[in-house]
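Below is one structure, written out as structure tokens; the observations come after it.
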Amino acid sequence: MKFIDIIGMSTLVSVMFITPSSVAYAHPVSKLSTQVIPSSEMSSFEGIVEAERQTVISAQVSGAIVEIAVKAGDLVKAGQLLIRIDAHAATQSAAAGKAQVTSAQASLDLARKELDRQKQLFNQGYLSQAALDRAEARFKVAEAEAHAQMAQAGFVETQAGFYTIRAPYSGVIAELPVSLGSMGMPGQPLMTLYDPSAMRVTAMVPQSVASHELSPSQVKLEIPGQAESQPLAPTRIKLMPSVDAGSHTVEIRFGLPAKLVNVLPGMFARVWLPAKEQAIKTIQIPIAALVRRAEMNGAYVLDSKNQPLLRQIRIGRVSGGTVEVLSGIGPDEQVVQDAESALTNQAH
């Protein structure tokens with residue numbers, strides 16, 4: 001038995017050779033090749049479930065809330081009535097505005113007819129230029145007043161529309177902090193509405209992780225309490241274009257599949273991301289090819305003369321029927337598939 005040391009490019013590998021019999025080896029062997037597989041190391045980060053479209057609906061005018069047509073948890077459609085605020089004063093102002101517009105229109109019609117008569121008298125020589133100019137001025141004033149009254153009436157009518165609050169889009173009422181009879185004030189939140197058809201998970205991750213190009217297949221999302229037994233894969237990934245100066249983290253948004261059950265904004269989520277950007281190279285051999293002697297692990301490798309040589313190796317993870325070789329065997333080498341057959345062959 002003879003031991004030698006072979007120094008590779010970056011790893012010192014001990015190789016032990018056992019002289020076999022002179023009979024050519026004819027048992028099955030495995031020709032190895034380096035496999036490139038994604039790194040299985042994953043890092044987890046805390047995230048939160050959010051709705052991509054969520055709106056806090058606030059009052060634009062002041063007044064008592066006289067009707068609440070929905071409650072928290074209700075599914076509403078776009079344009080559906082949500083809340084009505086007392087609009088008696090606004091209704092009266094709108095009616096007054098319409099009356100003023102009617103009056104202004106009448107004054108404008110009278111001024112137009114008067115101007116037409118003044119023009120006829122002027123053309124017949126019965127009226128001076130100064131009198132005609134005054135008639136034209138009165139007409140322009142009446143016209144301006146009519147336009148002003150119509151604009152004011154339009155403004156009052158628009159304001160009256162603020163007393164009726166409708167859903168801007170179809171969604172779910174998440175919060176309803178007001179009650180019937182409460183006083184609504186401009187800017188006061190009345191309810192929160194979100195669209196359940198588009199949800200996402202938002203997480204803050206270190207910039208070193210965010211600098212790697214991520215694909216949905218590399219990411220796994222877990223939401224506690226979900227009926228799904230397997231982690232979810234995001235439908236899309238959006239990296240926000242800014243870094244927090246204090247924590248040096250980046251916000252990443254992961255789209256969730258549609259029609260998930262019992263997924264609500266604010267829920268806790270866990271995001272699993274690959275810890276390394278690059279792929280790793282591994283060499284796998286069958287477990288039956290592994291030779292265990294005390295603290296030594298080895299495998300029979302065929303040399304250039306097709307003779308089996310027991311070589312010391314360093315092993316890694318065991319997966320299924322194979323074991324990972326960390327050092328001791330190079331790519332494209334041939335390893336005996338069954339170590340017991342090699343031992344039997346050498347005994348003879």
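The values are calculated or read from the model by the stated rules, or taken from the named source; none is laboratory data. Fair warning: this is a prediction, and the values are worked out from it, not measured in the lab. Glycine gets a Cβ as well: all are built from the backbone with ideal geometry, and neighbour counts include every protein chain shown. When the accessible area is computed, the model is the full protein with side chains, heavy atoms only, and any ligands, DNA or RNA have been set aside. Shrake-Rupley method; radii C 1.70, N 1.55, O 1.52, S 1.80 Å.
Values for this structure:
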| read-out | value |
| --- | --- |
| Whichever residue in region 304-338 is charged (D, E, K, R) and touching a residue at least 12 places away in the same chain (Cβ under 8 Å) and, among such residues, is surrounded by the most Cβ atoms within 10 Å (Cβ to Cβ) | ARG311 |
| Test for SER22: is it modelled with pLDDT under 85, under 30 Å from LEU302 (Cα atoms) and either more than 39 Å from the chain's Cα centre (by Cα) or outside any loop (DSSP other than H, G, I, E, B) (or both) | yes |
| Restricting region 280-303 to residues that are modelled with pLDDT under 80 and within 50 Å of the chain's Cα centre (by Cα), the residue that is most open to solvent (accessible area, probe 1.4 Å) | LYS281 |
| Number of the exception - ARG270 against (1) within 19 Å of GLU52 (Cα to Cα); (2) surrounded by 17 or more Cβ atoms within 10 Å (Cβ to Cβ); (3) of a type in the set (Lys, Arg) | (2) |
| Identity of the residue in region 85-107, assigned to a helix (DSSP H, G or I) and modelled with pLDDT of 85 or more, that ends up most open to solvent (accessible area, probe 1.4 Å) | THR102 |
| Criterion (open to solvent by less than 70 Å² (accessible area, probe 1.4 Å), touching a residue at least 12 places away in the same chain (Cβ under 8 Å) and either within 30 Å of PHE162 (Cβ to Cβ) or over 56 Å from the mean Cα position of the chain (by Cα) (or both)) met by exactly one of GLY125, GLY79 | GLY79 |
| Complete set of residues in region 183-197 that are part of a loop (DSSP other than H, G, I, E, B) and exposed (fewer than 15 other Cβ atoms within 10 Å of the Cβ) | MET185, PRO186, GLY187, GLN188, SER197 |
| Residue match in region 158-166 (condition: part of a loop (DSSP other than H, G, I, E, B), touching a strand residue (DSSP E or B) at 6+ places or on another chain (Cβ under 6 Å), open to solvent by less than 80 Å² (accessible area, probe 1.4 Å) and among the β-branched types (Val, Ile, Thr)) | no |
| Residue within region 124-134 that is farther than 30 Å from LEU180 by Cβ, assigned to a helix (DSSP H, G or I) and at pLDDT below 85 present | yes |
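Table: residues versus (1) more than 17 Å from the chain's Cα centre (by Cα); (2) buried (at least 19 other Cβ atoms within 10 Å of the Cβ); (3) not in a loop (DSSP other than H, G, I, E, B).
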| residue | (1), (2), (3) |
| --- | --- |
| PHE155 | yes, no, yes |
| ALA203 | no, yes, yes |
| LYS238 | no, no, yes |
| SER247 | yes, no, no |
| LEU260 | no, no, no |
